[in-house]
1. Sort out which residues of segment 238-258 are within 14 Å of the ligand (Cβ to nearest atom), touching a Ser or Thr at 6+ places or on another chain (Cβ under 8 Å) and part of a helix (DSSP H, G or I), and write them in order of number.
2. Select from segment 70-108 the residues that are acidic (D, E) and away from the ligand (no atom under 16 Å from the Cβ) and list them in ascending order.
3. Could you look through segment 205-237, keep only residues that are in a loop (DSSP other than H, G, I, E, B) and either β-branched (V, I, T) or not assigned by TED's automatic domain parsing to the domain that holds V297 (or both), and pick out the one that is farthest from E28 (Cα to Cα)?
4. Determine the pairs where a residue that is over 15 Å from I235 (Cα atoms), located within segment 139-157, has a partner that is in a strand (DSSP E or B) and polar (S, T, N, Q) with Cβ atoms under 9 Å apart, the partner being 6 or more residues away or on another chain.
5. Just one of (1) under 28 Å from R44 (Cβ atoms); (2) part of a helix (DSSP H, G or I); (3) in contact with a Gly (Cβ under 6 Å, 6 or more places away or on another chain) trips up T172, so point out which.
6. Residue by residue through segment 218-252, note down the ones that are touching a Pro at 6+ places or on another chain (Cβ under 6 Å) and among the hydrophobic types (A, V, I, L, M, F, W, C).
7. If we scan segment 87-106, do we find a residue that is in a loop (DSSP other than H, G, I, E, B) and in contact with a Lys or Arg (Cβ under 8 Å, 6 or more places away or on another chain)?
8. Kindly provide the set of residues from segment 284-313 that are within 16 Å of the ligand (Cβ to nearest atom), aliphatic (A, V, I, L, M) and in contact (Cβ under 8 Å) with a residue 24 or more places away in the chain, ordered by number.
Amino acid sequence: MAEALKAKYNLGVNTPNIPSPLSVELHETYRKMHAEGVPIPPFREPKIYQSVVDLIGWTPLVEINQITKEEGAVARVVVKLEGLTPGSSVKDRIALDMILDAEQKGLITPGVTTLIEPSEVVLTDTKKGLPNLLGKCDDLLASIPNSFMLGQFYNSQNPLSHFKSTGPEIWTATEGKIDIFVATAGTGGTISGTGHYLKSMNLKVKVVGVEPAESPLMQGGKPGPHVIQGTGAGIIPDTIDVSLMDELVSVTGEEALTMARRLGLEEGLLVGISSGAAMVGALKVAKKNENTGKLIVALLPSAGERYLSTILFKDIKEEMENLKITDSALFSDPPQEKVKVEHVADEVRKLSLE
Ligand SMILES: Cc1ncc(COP(=O)(O)O)c(C=O)c1O
């Protein structure tokens, strides 16, 4: 089964720096689209929108002020907040484009088809990794009638979606002044599609890929367990174009977690773990003398709220669970679950004595 899956999804066939057949094919598509003029997505106006779908894209870019200063960056770092989209993740873009494409091709029917998608590599089961996850999808596809997998790891609409939206948005927002684009990679759709668009506008734009130090596959390393969810899938998917990247930076899980927390505390940006990784990667580039005065855009893939139950907020969770009981907890309605009876009795005694 595992071998069949490997063959089916081309897993392990691609080696670093050799573009997959899909990305070779995409080069031609990118060139053609660029020659025809990629339209800038319609800008968000103050008006009543007709559906949530109309709210996807045009995520804001914001300057990082505090952390760059503290870290001695010599370049500017600006981040694109993909967490500020309806689904709080960069994936809204490709979900929309893959669905529209499949509908147009008659592969799926609204209200009839059940969509199945491998959305996250099971980090606790890293030995089995992505093939295991795809195997689960195959089982679901076989057992659910009218089910369909859009296939973000091999669907060209994934990188194309970023070529058509994320790229033009960054180009427009920076008025064409972007020097370096930094992003993490899961399927690689974000970095490949956006990177190709930016390079098609200005060949001098550099593309920097960030990957988990514990699983540095794009640099020729071995896959391994890591905590930077959404990145480092343990394979080089067809949707990624490693040959596009000018530089690859390794970031440890610990560095990513610390930075994600700092972004919240120091910049007021509540973001996910991979956003921390992207920021660490951007800072490493921003500290290099050769990049003095340059404009770096780092893409932060998701919002922090999605990670409240994860290792990212483990300390806060523990702190909350061990909170000492206060008057308001005592009289809250409904009473807090964790209130211990003896403790309540103690507090009541104290109160009645006052
Ligand atoms: C949560 C999350 N979603 C999406 C992405 C982007 O992934 P892709 O490379 O699949 O476009 C990342 C990448 O780091 C991520 O962390």
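The values are calculated or read from the model by the stated rules, or taken from the named source; none is laboratory data. Since this is a predicted model, take the numbers as computed values, not measurements. Cβ placement follows ideal geometry from the backbone for every residue including glycine, while neighbour counts extend to all protein chains displayed.
1. Scanning segment 238-258 gives L244, A256.
2. Our first condition is that a residue be acidic (D, E); within segment 70-108, this holds for 70-71, 82, 92, 97, 101, 103.
Correct list: E70, E71, D101, E103.
3. If we filter segment 205-237 for residues that are in a loop (DSSP other than H, G, I, E, B), which is where we start, we get 205, 213-216, 220-237.
Within this subset, residues satisfying the condition of being either β-branched (V, I, T) or not assigned by TED's automatic domain parsing to the domain that holds V297 (or both) are 205, 227-228, 231, 235-236.
On the way: V205: 19, V227: 35, I228: 32, T231: 26, I235: 24, I236: 21 Å.
Taking the candidates together, the pick is V227.
4. Filtered contacts from segment 139-157: L140/T114; L140/S147; L141/S147; I144/T114; P145/T114; N146/T114; S147/T114; F148/T114.
5. The number of the failed condition is (3).
6. Answer for segment 218-252, where residues must be touching a Pro at 6+ places or on another chain (Cβ under 6 Å) and among the hydrophobic types (A, V, I, L, M, F, W, C): M218, I228, V242.
7. Here is the first cut: in segment 87-106, the residues in a loop (DSSP other than H, G, I, E, B) are 87-88, 90, 105-106.
Restricting the remaining residues to those that are in contact with a Lys or Arg (Cβ under 8 Å, 6 or more places away or on another chain) gives 88.
Yes, segment 87-106 contains at least one residue that is in a loop (DSSP other than H, G, I, E, B) and in contact with a Lys or Arg (Cβ under 8 Å, 6 or more places away or on another chain).
8. Within segment 284-313, V297, A298, L299, L300, A303, I311, L312 qualify.
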